[in-house]
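S.K.: Dumping the structure here so I can ask a few things about it.
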Amino acid sequence: MSAKAEALGGAGESKLSPQFHVAHHFDKADTQFDAGRMGVWLFLVTEILLFGGLFCAFAIFRSKYFPSFVEAHHHLDRVMGGINTIVLITSSFTMALAVRSAQKNETKKTTLLLAVTLACAAMFLVVKYFEYSHKIHDGLLPGGNFTAADFASGHPGIFFAIYFMMTGIHGVHVVIGMGLILWILLRNQKNEFSSRYYAPVENVGLYWHLVDLVWIFLFPLLYLVG
Amino acid sequence: MANTATVDELGHSPEVRGKNYLNQTAGVWSWLTTVDHKRIGIMYLVSVLVGFGLGGIFALLVRLELLTAKKTIMDATQYNQAFTLHGAAMVFLFIIPSIPASLGNFFLPLMIGAKDVAFPRLNLLSLYLFWIGAIFMLAAIVTGGVDTGWTFYVPYASGVSTTSVISATFGVFVMGFSSILTGLNFIVTLHKLRAPGMSWYRMPLFLWSLYATSIIQVLATPVLGITLLLLIFERAFHIGIFDPTLGGDPVLFQHFFWFYSHPAVYIMILPGMGVATEILTTHSKRRVFGYKAIAFSSVAIALVSFLVWGHHMFVSGQSELSSAIFSFLTFFVAIPSGVKMFNWLGTLWGGSIRFTVPMLYGIAFLFLFAIGGLTGLFLGTLSVDLHLHDTYFVVAHFHYVMMGSTAIAFFGGLHHWWPKMTGKMYDEKLARVGFALTFIGFNWTFFTQFILGTRGMPRRYYNYLDQFQPLHAFSTYGSWVLGTGFLITFICLARSLKSGAPAPANPWDSATLEWQTQSPPITENFEKAPIVTLDAYERPAEETA
């Protein structure tokens, strides 16, 4: 607990999280912080491999059914996809700013920035909802459920299988991310974060950037190049 | 001991004497909510032993059915389910979590002089995820079984089979997360929580093997996750990715599956190699020969393991060029494996070998791994594999590696660390009997299957030609000896809990850190954080002189 004592005596650190502590098995706060961040980075690696399987399937089927992929991708709404890209990049930006303001003890600003991030995430899902219902309405569905007529090339269901799997799993990540952002928003309102302790904000931020990053690859691959 | 701060001979002040992680708190709830890596390790140990028992019962049933060439005790559908459940239980409920999650959880922090793993609550979560996954798998058994083989190949698993494939694969999916979280926890722990003075090259080699294992768990398991998710969606919603009638590609499933499952073979064997290293050095009282060679060979195996999955698919229709490349890369695995083998032998050379029970398992490991490893080279050779593919030769090969090496190392490690974990000594004589029957029964059962395989007996067949019957019957008799051996081992260990003599802190006179605290350890592991001043396996000067 010497780290806590040192923190309490730290120059100009009036605000300290009540939760601020070092778990018994860490020798100091820095080690705990580094360990947490390393854990999150490793987790992000697993996420990349999870999506990696789908990107791999995309590449294989794209080369196998190239005309079908080109034809099918014209049915995706570039405007909506583009809006969502801007929305997510904005949310990543506000998330980054939230981490910065948490580090600078600007609690209110952090709350505001996290709320904007949360709103962007929600907006992303709303746009996605309209896209999905449009696809479902047109019968542009995976594999055996594909019912849309007027397709010149074979097996367009494969493209939509990959589209729904990739955007669906990404969407689940957005929902989980919203839960995490809400969690740190509430903790922030309880004044738990400070320049001495902001690890959860930073770690949720890292996760959120990955969610954004995956979309930045999904958008051009699915919507633009087909 | 010079490498630990000492108060009494064990480093404990009078206040903690008599207290340990087992009696610190009591009651089921205190176990279910614990974040102590030792208790979590023990709960994993009990869980994987239950999984082993379950898989073992199915194994004995499969062998009993194969006693005669036609129907013996079950019909063909039940037989398909029995071998599937044997494989699935053994792979996912036993062998993947076996050494890392039980012995690894218990000893990794102790061996680096830490108080716990980096994320204790995550550790408990990973145990719960394992249980949840196991429940889904057991639910599959109750609600119609699974008959796809443990590999869940499509299109049979996605469309044809009428059994509970979704429940079983979802269980495996959830257990995958458990495996990932354990691996992630170990990597961070090894990076961040080593005691002062415990540099990377002072770590016991078991930890290097766990490190390499964790890398594979973290990098390969997510791919299995997405594969099983696609399979579940394929089966539930016909998304078509693996369905050839919808333009999908069943061979893609095999690529995805083996991209995980081949590295997973090294998730299974690397910890076993690590345990064997600890046993061989301790019970020959000799420092490990070629420390760095063994350490880096573990990492090398982990890396090469990602590049060889295609050797499971030589007859799947993949191109000859791919097959040739995969075959070539497969031979690469033999190099770090050979490095380990020669260094183990070098460790024994000139040592004062004590034939304790753990050492018997350690030496058995060397024999059985040599056979298992070398027969892998037969199968990695393209022209030979075309004949041996899907025969009992393959079955025998991977049982020599999975069971003969990993399970034997696991039981060796269990006997080696049992005094530390439970604070009890077991009956050496009975344990020797258990070992002897296991070793004899194992070779009896599975060496026979090498012969069956080379004569052309295909695996997974329910009925077979009469000419194979004598060898099949011989193998079945061996399985009874093997089963008896394990039963005696279990009885021996269970009895020690009740009537075993109290274990001293360091019964094997080992040089590693986990023996420098009392048996069983206190909840905090060490009363005073150890400061390490000696190299790996090095003994203080007055002892070596």
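S.K.: If you check A:Leu112, A:Leu140, A:Leu185, A:Leu221, which single one turns out to be surrounded by 15 or more Cβ atoms within 10 Å (Cβ to Cβ), within 30 Å of A:Gln32 (Cα to Cα), touching a residue at least 60 places away in the same chain (Cβ under 8 Å) and of a type outside the set (Gly, Ala, Ser)? Show your work before the answer.
M.R.: Working: A:Leu112 fails: touching a residue at least 60 places away in the same chain (Cβ under 8 Å); A:Leu140 fails: within 30 Å of A:Gln32 (Cα to Cα); A:Leu221 fails: within 30 Å of A:Gln32 (Cα to Cα).
Going through A:Leu112, A:Leu140, A:Leu185, A:Leu221 in turn, the sole match is A:Leu185.
S.K.: If you don't mind, another one. Which helices (runs of 4 or more DSSP H) sit wholly inside the range B:370-431 and have at least 3 residues that are closer than 14 Å to B:His312 by Cα?
M.R.: So the answer is B:382-388, B:392-401.
S.K.: Across the range B:175-193, what is the total count of residues that are within 19 Å of the chain's Cα centre (by Cα) and within 14 Å of chain A (Cβ to nearest Cβ)? Before you say what the answer is, go through the steps one by one.
M.R.: Taking the range B:175-193 first, the residues within 19 Å of the chain's Cα centre (by Cα) are B:175-187.
If we keep only those that are within 14 Å of chain A (Cβ to nearest Cβ) as well, we get B:176-187.
The qualifying residues number 12.
S.K.: Follow-up. If you check B:Ile269, B:Ile279, B:Ile325, which single one turns out to be modelled with pLDDT of 95 or more, surrounded by fewer than 23 Cβ atoms within 10 Å (Cβ to Cβ) and part of a helix (DSSP H, G or I)?
M.R.: Answer to the check: B:Ile325.
S.K.: Moving to a separate point now. Suppose the filter is assigned to a helix (DSSP H, G or I), without any contact (Cβ under 8 Å) to a residue 40 or more places away in the chain and small (Gly, Ala, Ser); does B:Ala473 pass it?
M.R.: Numbers: assigned to a helix (DSSP H, G or I): yes; without any contact (Cβ under 8 Å) to a residue 40 or more places away in the chain: no; small (Gly, Ala, Ser): yes.
So B:Ala473 does not fit the description; no.
S.K.: For the range B:216-224, check the following and say yes or no: at least one residue is at the interface with another protein chain (Cβ under 8 Å from one of its Cβ atoms), surrounded by fewer than 21 Cβ atoms within 10 Å (Cβ to Cβ) and either closer than 30 Å to A:Gly36 by Cβ or not small (Gly, Ala, Ser) (or both).
M.R.: No, there is no match, as no residue in the range B:216-224 is at the interface with another protein chain (Cβ under 8 Å from one of its Cβ atoms), surrounded by fewer than 21 Cβ atoms within 10 Å (Cβ to Cβ) and either closer than 30 Å to A:Gly36 by Cβ or not small (Gly, Ala, Ser) (or both).
S.K.: Now for a different question. Looking for whichever is modelled with pLDDT under 95, farther than 20 Å from B:Val308 by Cα and not β-branched (Val, Ile, Thr) here; the options are B:Leu246, B:Leu231. Which one fits?
M.R.: B:Leu246 is the lone residue from the list that is modelled with pLDDT under 95, farther than 20 Å from B:Val308 by Cα and not β-branched (Val, Ile, Thr).
S.K.: Something else now. Looking only at the range A:23-32, count every residue that is hydrophobic (A, V, I, L, M, F, W, C) and either closer than 16 Å to B:Pro196 by Cα or surrounded by 19 or more Cβ atoms within 10 Å (Cβ to Cβ) (or both) and tell me the total.
M.R.: Number of matching residues: 2.
S.K.: Give the range A:42-80 a look and list any residue that's outside any helix (DSSP H, G or I), buried (at least 19 other Cβ atoms within 10 Å of the Cβ) and more than 10 Å from chain B (Cβ to nearest Cβ), or say none.
M.R.: Within the range A:42-80, A:Leu76 is the sole residue that qualifies.
S.K.: Read through the list (1) of a type outside the set (Gly, Ala, Ser); (2) modelled with pLDDT of 95 or more; (3) in contact with a helix residue (DSSP H, G or I) (Cβ under 6 Å, 6 or more places away or on another chain), then give the number of the only condition that B:Val35 fails.
M.R.: The failed condition is (2).
S.K.: In addition: Report every pair of residues separated by at least 6 positions or lying on different chains whose Cβ atoms are under 7 Å apart, first residue within the range B:451-470 and on the phi < 0 side of the Ramachandran plot and in contact (Cβ under 8 Å) with a residue 12 or more places away in the chain, second in a loop (DSSP other than H, G, I, E, B) and among the acidic types (Asp, Glu).
M.R.: Here the result reads B:Pro458/B:Asp390; B:Arg459/B:Asp390, each pair linking the range B:451-470 to a residue that is in a loop (DSSP other than H, G, I, E, B) and among the acidic types (Asp, Glu).
S.K.: While we're looking at this one, here's another question. In the range B:237-256, how many are more than 7 Å from every other protein chain (Cβ to nearest Cβ) and part of a helix (DSSP H, G or I)?
M.R.: Selection size over the range B:237-256: 7.
S.K.: Just wondering, is there one or more residues in the range B:435-444 that are of a type in the set (Gly, Ala, Ser) and part of a helix (DSSP H, G or I)?
M.R.: yes
S.K.: So, one more: When only residues in the range B:360-376 that are touching a Phe, Trp or Tyr at 6+ places or on another chain (Cβ under 7 Å) and among the hydrophobic types (A, V, I, L, M, F, W, C) count, which is surrounded by the fewest Cβ atoms within 10 Å (Cβ to Cβ)?
M.R.: B:Leu366
S.K.: Right, something else. Inside the range A:121-171, can you point out the residues that are in a loop (DSSP other than H, G, I, E, B) and of a type in the set (Gly, Ala, Ser)?
M.R.: If the condition is that a residue be in a loop (DSSP other than H, G, I, E, B) and of a type in the set (Gly, Ala, Ser), then A:Gly139, A:Ala148, A:Ala149, A:Ala152, A:Ser153, A:Gly154 are the ones that fit.
S.K.: So which residues in the range A:188-208 are over 20 Å from A:Gln32 (Cβ atoms) and surrounded by 17 or more Cβ atoms within 10 Å (Cβ to Cβ), if there are any at all?
M.R.: Passing the criteria: only A:Trp208.
S.K.: Filter the range B:345-359 down to the residues that are surrounded by 13 or more Cβ atoms within 10 Å (Cβ to Cβ) and touching a Ser or Thr at 6+ places or on another chain (Cβ under 7 Å) and list them by number.
M.R.: The answer is B:Thr347, B:Leu348, B:Gly351, B:Ile353.
S.K.: Report, by residue number, each residue of the range A:134-165 that is more than 23 Å from B:Gly159 (Cβ to Cβ), within 14 Å of another protein chain (Cβ to nearest Cβ) and under 24 Å from the mean Cα position of the chain (by Cα).
M.R.: A:Lys135
S.K.: Looking only at helices (runs of 4 or more DSSP H) that fall completely inside the range B:15-119, which ones have 1 or more residues that are buried (at least 22 other Cβ atoms within 10 Å of the Cβ) and of a type in the set (Lys, Arg)?
M.R.: B:37-65
The values are calculated or read from the model by the stated rules, or taken from the named source; none is laboratory data. Just so it is clear, the model here is predicted, and its values are computed rather than measured. Cβ sites come from the backbone with ideal geometry, for glycine too, and all protein chains shown count toward neighbours.
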